[in-house]
Amino acid sequence: MPQEIFYTSNSKLQSLKASVLGEGVRFFIKRDDLIHPLVSGNKWRKLEFAVTKALLENKTHLVSYGGAYSNHMVALAAAGAAMGFKTTCFVRGDEIENVTNHYLALAKLNGMELIPVARDKYRNAKEELFNTYFGNNPECKMIPEGGESVDAFIGIAAIIGELKLSPDFILHASATTTTAIGLAKGLREHAHRFTNTKILAVAVLKNVLEQETKVKENGVSDLVTVVDGFQSGGYAKANPELMSFLKAFIKETGIMIDPVYTAKALFAMKEMIASGQIPQGSTVLFLHTGGTLGIFSDRFLSVL
Ligand SMILES: *Cc1c(COP(=O)(O)O)cnc(C)c1O
């Protein structure tokens, strides 16, 4: 049964007092983490338009791809359950037949069918998988991995329309640049209100060149800077310095952050304030993209 859509556009915008980030800068935080307790706000923004289109196209079944720790997978499962879609996810790595984790468990709880796929096959034959399993079913819609699509830009750009202030910087955790480019498109749409705003997209994995290329290809290099140097060892890796920052931030603010995405972005913010790259007197908006599930992985819990 389709339920009322749980998506609440216009997530809260709060001012933030956090001495752990530094002094001399005004902080605001856009609480996309509050859109849903488990779904990454960012992933929901990316899905919103695609899923709404699927409803209009009379699709009943959404199919996508993801790793075993994918925020996108959980978001799609929860959105599917809330909106009355069947959902399926091809999951990278056939080891998930024997082990589970909180992401896979949540996906299953929300009724998602999980199809494990060996890594080499996953890498090389993604489209083919959809075609083989669901290609001739007109009720099935394929949603790209991570929700990365033109539809996703529209959902992300809406964040800008919701802002009642015009910060000097909007800072967020960046992996594929879909969020950064969507935000930049939003700034262009509302250019009259955002004459000075720049986006700082903090790379959470070592793919900075790739991210910069995508920013250029989309014609938004004037608005987006991909920030390098805060990967803390690589994707989903966290060094002790990052973990102690994460603990200090949560303790001071009561706002949950995770070691994979949001803690890296906030740590970068702190360092850029200290170095003057974010000048004193600036107004900085941190986009909290969600991803809170990230902290509940054993390897992070064990070092808290
Ligand atoms: C996926 C994700 C990101 C990265 O978004 P991109 O659009 O891929 O750059 C940031 N934060 C969280 C919590 C995410 O789940």
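The values are calculated or read from the model by the stated rules, or taken from the named source; none is laboratory data. As the structure is a prediction and not an experimental result, all values here were calculated from the model. Glycine gets a Cβ as well: all are built from the backbone with ideal geometry, and neighbour counts include every protein chain shown.
Numbers below:
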| quantity | calculated |
| --- | --- |
| The stretch 31-63, subset of a type in the set (S, T, N, Q) and closer than 14 Å to Leu76 by Cα, residue farthest from the ligand (Cβ to nearest atom) | Thr60 |
| Matching residues in the stretch 202-234 - criterion: being closer than 29 Å to Ser302 by Cβ and free of Cβ contacts under 8 Å to residues at least 60 places away in the same chain | Ala203, Leu205, Lys206, Asn207, Val227, Asp228, Gly229, Phe230, Gln231, Ser232, Gly233, Gly234 |
| Some residue of the stretch 133-146 being closer than 28 Å to Gly219 by Cα, among the acidic types (Asp, Glu) and out of contact with any strand residue (DSSP E or B) (no Cβ under 7 Å at 6 or more places or on another chain) | no |
| Candidates Arg31, Arg45 - the one that is surrounded by fewer than 24 Cβ atoms within 10 Å (Cβ to Cβ) and closer than 19 Å to Val260 by Cβ | Arg31 |
| Residue count, the stretch 268-304 (criterion: within 15 Å of the ligand (Cβ to nearest atom), farther than 20 Å from Phe27 by Cα and assigned to a loop (DSSP other than H, G, I, E, B)) | 2 |
| Qualifying positions in the stretch 200-220 - part of a loop (DSSP other than H, G, I, E, B) and within 16 Å of the ligand (Cβ to nearest atom) | Val204, Leu205, Lys206, Asn207, Asn218, Val220 |
| Within the stretch 186-199, considering residues that are under 16 Å from Thr225 (Cβ atoms) and buried (at least 19 other Cβ atoms within 10 Å of the Cβ), the one nearest to the ligand (Cβ to nearest atom) | Ile199 |
| Test set (1) touching a Gly at 6+ places or on another chain (Cβ under 9 Å); (2) more than 14 Å from the ligand (Cβ to nearest atom); (3) of a type outside the set (Lys, Arg); (4) closer than 21 Å to Tyr261 by Cβ - Asn101 fails condition number | (1) |
| Qualifying positions in the stretch 157-181 - of a type outside the set (A, V, I, L, M, F, W, C), within 13 Å of the ligand (Cβ to nearest atom) and free of Cβ contacts under 8 Å to residues at least 40 places away in the same chain | Thr176 |
| Which listed residue is assigned to a loop (DSSP other than H, G, I, E, B) and of a type in the set (S, T, N, Q), from Ser244, Ser232 | Ser232 |
| Residues satisfying the stated conditions in the stretch 247-267, i.e. touching a residue at least 24 places away in the same chain (Cβ under 8 Å), more than 12 Å from the ligand (Cβ to nearest atom) and assigned to a loop (DSSP other than H, G, I, E, B) | Ile255 |
| Residue check for Leu285: out of contact with any strand residue (DSSP E or B) (no Cβ under 9 Å at 6 or more places or on another chain), of a type in the set (A, V, I, L, M), at pLDDT 95 or above and on the phi < 0 side of the Ramachandran plot | no |
| Check on Leu183, surrounded by 16 or more Cβ atoms within 10 Å (Cβ to Cβ) and under 18 Å from Pro259 (Cβ atoms) | no |
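Here is a yes/no grid of residues against (1) aliphatic (A, V, I, L, M); (2) surrounded by fewer than 17 Cβ atoms within 10 Å (Cβ to Cβ); (3) within 27 Å of His36 (Cα to Cα):
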| site | (1), (2), (3) |
| --- | --- |
| Tyr69 | no, no, yes |
| Leu106 | yes, no, yes |
| Ile115 | yes, yes, yes |
| Ala125 | yes, yes, no |
